[in-house]
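The values are calculated or read from the model by the stated rules, or taken from the named source; none is laboratory data. Note that the coordinates shown come from a computational prediction; the quantities given were computed from them, not determined experimentally. Glycine gets a Cβ as well: all are built from the backbone with ideal geometry, and neighbour counts include every protein chain shown. Each accessible area value is taken on the protein alone, full model and side chains, heavy atoms only, with ligands, DNA and RNA left out. Shrake-Rupley method; radii C 1.70, N 1.55, O 1.52, S 1.80 Å.
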Amino acid sequence: MRRLSTKSQFVALLYGQLSGASSLREIVTGLESHAARLYHLGAHSVRRSTLSDANARRPVAVFAELLAVLMRQAHRGLRRKLAETTYLIDATSVRLNGHSADWARFSTGVCGAKVHVIYDVDADRPIGACPRAGLRPDPWAAVSAAKVNDITVAQQMPIEPGATYVFDLGYYDYAWWAKLDAAQCRIVTRFKRNTPLAVIEELPVPEGGNILSDRIGFLPVRQGSGRRNPMQDAVREVQVTSEAVKILRILSNDLDAAAEEIAELYKRRWAIELFFRWVKQVLRITGFLGTSENAVKIQIAVALIAFLLLRLAQAGQKAIASPLRFARLVRANLMHRKPLDRLLDPEPRPIYNPAQLALQWHLS
């Protein structure tokens, strides 16, 4: 590992993400074929065993800090009002093999991890800590064993006062809601099926729409264990019908916004599902190059770095609007010296010099 610099390790892993390499050997072979271009990048070819050792032993903090700085840079220039800031919180599971059982065992014969993300729905990218709060960038794209509850990880996340947070039932925790509420954050989530609401006011709803009811009330005073519920302020219940002809009970601490706005905010959760799907389809986040916790976390950090680099690169050109198409074109032209706004252009014809003899080759 001493002979492999952090930069060369990062370049190799980033190459693996952007090229779609499925193994360490494929990364090493691909880099060897582009040795001259690696020189101009300030990186070097790597050995498979050395890269494997570096992934297992080099601290993941190096890559996590780089991810955090890039997250902050990606948000630089966004000047949206705080009231318009909407963050989605969710996690996605990834399957691991039995060699990761020492840290990621879920059940007998099953191992897995979770990737937890705060997603800025308007900027279409994950975020670090409070990009407008002047804080040290916190790489909040956490990785945990699959058996760790989503809310356990969310309780460690940075909170941006005044922002809107949208999440699902995996984050059903009154104490955490009270913490968000105390920070003047707007909460949009779902009621559990068996959670009662002590209604104090029925609000009118428009006729002919998908809003069935709009009510204000209080959550149970006591929790199941008999402890006092820390979420004592009044909340809102908006019942809507979904496309699957299913009735959803949406909960919010916003008592003033229109019911349609609350329902639309919850519907925006779909954006983070699309983000996870895109990352799993385009980047290497379902097949892993190592089995240790350190190696898995490094690979996920580099995958998210690759995602942000692709988003930033795409924003610098206007020729290719589709993120998926842009990523595929980058992959096809990865080691070519070609402007990003010319990825669709054909290769220029070689310049013909009439002073040179043109040899005609005929194969018999």
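Defining a contact as two alpha carbons under 8 Å apart and six or more residues distant in sequence, what relative contact order in percent does region 274-349 show?
The value is 23 percent.
Measure off, as a whole percent, the carbon and sulfur share of the 1.4 Å-probe accessible area of region 264-364, all protein chains present.
The computed percentage sits at 55.
For region 157-221, which whole percent of the accessible surface, found with a 1.4 angstrom probe, sits on carbon and sulfur atoms? Could you put the intermediate results ahead of the total?
On the way: 1630 of 3070 Å².
Carbon and sulfur atoms account for 53 percent of the accessible area of region 157-221.
Measuring from a point 7 Å past the Cα of A183 along Cα-to-C-beta, which residues in region 228-263 have an amide N at less than 16 Å?
Within reach of a label on A183, which here means backbone N under 16 Å from a point 7 Å along Cα→Cβ, region 228-263 contributes 253.
Positive end of the dipole of region 151-208, charges at C-beta (+1 Lys, Arg; -1 Asp, Glu), about the Cα centre: which of I151, A163, F191 has its Cα farthest in that direction?
I151
In nanometres, what is the gap between the two model label sites at R25 and Q232, each 7 Å from Cα along Cα-to-Cβ?
A separation of 6.5 nm, rounded to one decimal place.
Only helices at least 15 Å long along their axis, Cα-based, and averaging 1.0 or more on Kyte-Doolittle count here, so list those DSSP H runs from the chain. Working shown, then result.
Working: long enough: 6-19 (19 Å, 0.38); 61-75 (21 Å, 1.13); 270-282 (18 Å, 0.53); 293-315 (33 Å, 1.40).
Those that clear 15 Å and a mean of 1.0 are 61-75, 293-315.
Using only alpha carbon pairs under 8 Å that are at least six residues apart, calculate the relative contact order of region 201-282 and give it in whole percent.
22 percent
Over the chain, what is the mean sequence separation of C-alpha contacts under 8 Å (at least six apart), divided by residue count, expressed as relative contact order in percent?
Rounded, it is 18 percent for the chain.
Find the accessible area per residue for region 216-324; the probe is 1.4 Å, ligands and nucleic acids are left out, and the unit is Å².
On the way: 5000 Å² over 109 residues.
Normalised by residue count, the accessible surface of region 216-324 is 46 Å².
In nanometres, what is the gap between the two model label sites at I351 and R331, each 7 Å from Cα along Cα-to-Cβ?
Reported label-point gap for I351 and R331 is 3.5 nm.
Amide H to amide H, which residues 5 or more places from L203 or on other chains are under 5 Å from it, using H placed in the peptide plane?
D214, R215, I216
Give me the number: length gained by fully extending H99 to D122, i.e. 0.36 nm times residue separation minus the C-alpha to C-alpha distance, one decimal in nm.
Result for the pair: 4.4 nm of gain on full extension.
At a probe size of 1.4 Å, how large is the accessible area of C111, to the nearest 10 Å²?
10 Å²
What does DSSP give for the chain in terms of the percent of beta bridges that are antiparallel, rounded to the nearest 5?
Numbers: 40 of 46 bridges.
Counting DSSP beta bridges with both partners in the chain, the antiparallel share is about 85 percent.
Please report how far the C-alpha centroid of region 36-77 lies from that of region 186-214, rounded to the nearest whole angstrom.
Centre-to-centre distance over Cα atoms comes out at 48 Å.
What shape does region 199-340 take by its C-alpha gyration tensor, where a ≥ b ≥ c are the square roots of the eigenvalues and a/c under 1.5 counts as rounded, a/b above b/c as prolate, and the rest as oblate?
On the way: a/c = 3.43, a/b = 1.91, b/c = 1.79.
Prolate is the answer for region 199-340, as a/c is 1.5 or above and a/b outweighs b/c.
Quick check: residue separation of A56 and A175 times 0.36 nm, minus the Cα distance between them. What number comes out in nm?
Roughly 39.1 nm would be gained on extension.
In terms of the Cα gyration tensor, with a ≥ b ≥ c the square roots of its eigenvalues, is the chain rounded because a/c is under 1.5, prolate because a/b exceeds b/c, or oblate?
Judged from the Cα gyration tensor, the chain comes out prolate (a/c at least 1.5, a/b above b/c).
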